[in-house]
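The values are calculated or read from the model by the stated rules, or taken from the named source; none is laboratory data. Computed from a prediction, not measured in an experiment: that's the story for all the values here. Here the Cβ positions follow ideal geometry from the backbone for every residue, glycine too, while neighbour counts run over all protein chains shown. Protein only, heavy atoms only, side chains kept; ligands, DNA and RNA dropped before computing areas. Shrake-Rupley method; radii C 1.70, N 1.55, O 1.52, S 1.80 Å.
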Amino acid sequence: EWVLEMAYALTNLGTLEERADDSDPERSLQLMQSALEYNQIALVLDPQNEYYKSELGQSHAFLADAQRDVCDLEGALLSRQKNVSLEQDMLAQDSENPRKIEKLAWALSGYSVVQRELGLVDEAIVSLEKVLQLLEPILLQNPDNKRDVRYVLLRKHRLAMLRALNGDL
């Protein structure tokens with residue numbers, strides 16, 4: 001637990017660095033890389049801990065954002081792929097869990113951003129279509145959840161923009 005707390009602390013420091021007025025993207029990247037390493041250590045110490053596995057996916061997502069900030073889009077794509085893969089594994093173990101479905105949708109959404117930035121528009125469209133396939137059934141069960149409605153609408157907007165970029169008007 002203490003090792004994972006160190007990962008949280010490093011992630012928080014990396015986020016603060018990223019948001020600072022005089023931010024240092026390289027420093028933020030170093031902090032996120034260190035956070036990921038601590039998260040991996042926690043999982044080595046307790047390999048069956050489902051929560052630690054879930055947190056590892058988040059660490060890859062935060063690392064991807066830091067990599068984007070230093071223009072390492074290839075690294076960000078790999079980190080996002082790992083994030084998606086881990087979330088898919090978690091969902092496969094409990095395929096009806098709405099929280100795990102949401103986490104996979106968030107991972108795919110972040111993945112689509114990097115895909116788009118690399119010019120992989122068709123792949124980004126596929127990722128966003130999967131996001132909507134995952135989230136719309138949850139949204140139908142609870143249509144009053146404004147956070148989810150907003151999230152889905154923003155992803156639909158992003159999907160429409162990508163389709164337009166691809167000439168599909």
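Listed here are the residues, each with its yes/no results for (1) β-branched (Val, Ile, Thr); (2) in contact with a Cys (Cβ under 7 Å, 6 or more places away or on another chain); (3) open to solvent by less than 60 Å² (accessible area, probe 1.4 Å).
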residue	(1), (2), (3)
LYS53	no, no, yes
ASP65	no, no, yes
ARG99	no, no, no
GLU102	no, no, yes
ILE125	yes, no, yes
GLN133	no, no, no
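Among the residues in the range 37-50, are any under 26 Å from ILE125 (Cβ atoms) and in a helix (DSSP H, G or I)? I'd like the intermediate steps shown before the answer.
In the first step, residues of the range 37-50 are kept if they are under 26 Å from ILE125 (Cβ atoms); the result is none.
Scanning the range 37-50, I find no residue that is under 26 Å from ILE125 (Cβ atoms) and in a helix (DSSP H, G or I), so the answer is no.
Is it true that GLN88 is polar (S, T, N, Q), in a helix (DSSP H, G or I), closer than 18 Å to GLU50 by Cα and free of Cβ contacts under 8 Å to residues at least 40 places away in the same chain?
Details: polar (S, T, N, Q): yes; in a helix (DSSP H, G or I): yes; closer than 18 Å to GLU50 by Cα: yes; free of Cβ contacts under 8 Å to residues at least 40 places away in the same chain: yes.
Judged against the criteria, GLN88 is a match.
With respect to LEU56, is the statement that it is touching a Leu at 6+ places or on another chain (Cβ under 9 Å), in a helix (DSSP H, G or I) and in contact (Cβ under 8 Å) with a residue 40 or more places away in the chain true? Spell out the reasoning first.
Numbers: touching a Leu at 6+ places or on another chain (Cβ under 9 Å): yes; in a helix (DSSP H, G or I): yes; in contact (Cβ under 8 Å) with a residue 40 or more places away in the chain: no.
For LEU56, the condition - touching a Leu at 6+ places or on another chain (Cβ under 9 Å), in a helix (DSSP H, G or I) and in contact (Cβ under 8 Å) with a residue 40 or more places away in the chain - is not met.
From VAL131, VAL44, VAL70, VAL121, which residue is of a type in the set (A, V, I, L, M), closer than 28 Å to LEU13 by Cβ and touching a helix residue (DSSP H, G or I) at 6+ places or on another chain (Cβ under 7 Å)?
Working: VAL131 fails: closer than 28 Å to LEU13 by Cβ; VAL44 fails: touching a helix residue (DSSP H, G or I) at 6+ places or on another chain (Cβ under 7 Å); VAL121 fails: closer than 28 Å to LEU13 by Cβ.
None of the others qualify; the one that does is VAL70.
What are the pairs, 6+ residues apart or on separate chains, where a residue within the range 114-128 that is among the basic types (Lys, Arg) has its Cβ under 7 Å from a residue that is open to solvent by less than 20 Å² (accessible area, probe 1.4 Å)?
Filtered contacts from the range 114-128: ARG116/ALA124; ARG116/LEU162.
Just to be sure before I move on: is GLU136 at pLDDT 95 or above and in a helix (DSSP H, G or I) in the structure I sent? Spell out how you get there, then give the answer.
Working: at pLDDT 95 or above: no; in a helix (DSSP H, G or I): yes.
When the stated conditions are applied, GLU136 does not pass them.
Could you check the range 108-131 and list, in sequence order, the residues that are assigned to a helix (DSSP H, G or I), out of contact with any Lys or Arg (no Cβ under 7 Å at 6 or more places or on another chain) and either at pLDDT below 95 or among the aliphatic types (A, V, I, L, M) (or both)?
Residues satisfying the conditions are VAL113, VAL121, VAL126.
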